[in-house]
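Each remark here refers to the structure printed beneath this line.
Derivation of every value follows stated rules applied to the coordinates shown; laboratory data play no part. Given the structure is predicted, the values throughout are model-derived calculations rather than measurements. We place every Cβ from the backbone using ideal geometry, glycine too, and count neighbours over all the protein chains shown.
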Amino acid sequence: MFVSIVSASREMLVHDIKLSLISLVVIMACFMIVYYVYKYCFKGVTQADAAVMALVSGSPTIGFLGFAVLEPIFGTTPYVALVVAIVGIVVNAVGIPVGLSLLNAANEKTNAGAAGKRPSAWAPVLHALAQPVAWAPILAVVWVIVGIPWPDWASPSFDLIKGANASMAVFAAGVTLSSVKVTINWQAIMGSILKLVVMPLAVLAAGLVFHMDPENLKMLVVAAVLPPAFSGIIIASEYDTYVATSTSSLALSMVLFIGFCPLWIWLTDVAIKMFG
């Protein structure tokens, strides 16, 4: 994750400023919508549960499936790499730290309440930033913005770690899926709706309003409709929070993605012809 971000450049980030801004604003807006929907619309769902669902259904699994899905559809072009890089930065450098902060804030509030103390406003943020999964992508973004070139000789070692990490992440998500009984309830269904319907719809609407390049818009919509992030399931397992429902929602979304991906490609083409 770190190397994939630092391999980008400032020129890449500003090459299509609309793509960067729409990715940041829309994905994080959907992230927070998932959080508040679960926090306020379902009885018995805690703030920590809502934070887990935001990490899962509020983030596309761009790191694992981005190139695997986009390249067969749009070809091996620099623009595919651009979309994957920008969405990856948003998900990893913004979404994960925000989600961990919300999750730690909920736990801090619970622990402080049990101890009769006032919860600290900064402790959850600092605790989140102390974890490599949060500070590594942030450091990588700062590295890119400052403009420090990444040495080519350092990449092979990190590539080995990246390959092992990606495989282990998918393996860990698979273990979680196999260890939890998938239960389809309204909470799991809502996660799939928010991920496979609301997020790509918001991206499409924003792209049309701000006249994004049609090809970039189609790629961004496909990136937005990708299944929920595996990293959210791993974090849920680590914190032992809302594992069953988040895993069920992930499993349901993975199956529904087979139909929703071509559907959104067709809808995006129709929308661009009508409003583009």
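Summary of computed values
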item: ³J(HN,Hα) computed for each position of region 57-63 - Karplus, 6.51 cos²θ - 1.76 cosθ + 1.60, integer Hz, glycine/proline x; result: 7, x, 9, x, 7, 5, x
item: Between region 187-204 and region 207-276, the Cα center-to-center distance that results, in Å; result: 7 Å
item: Sparse-neighbour loop sites [trypsin sites (Lys or Arg not before Pro); region 178-269; at most 15 other C-beta within 10 Å; DSSP]; result: K181
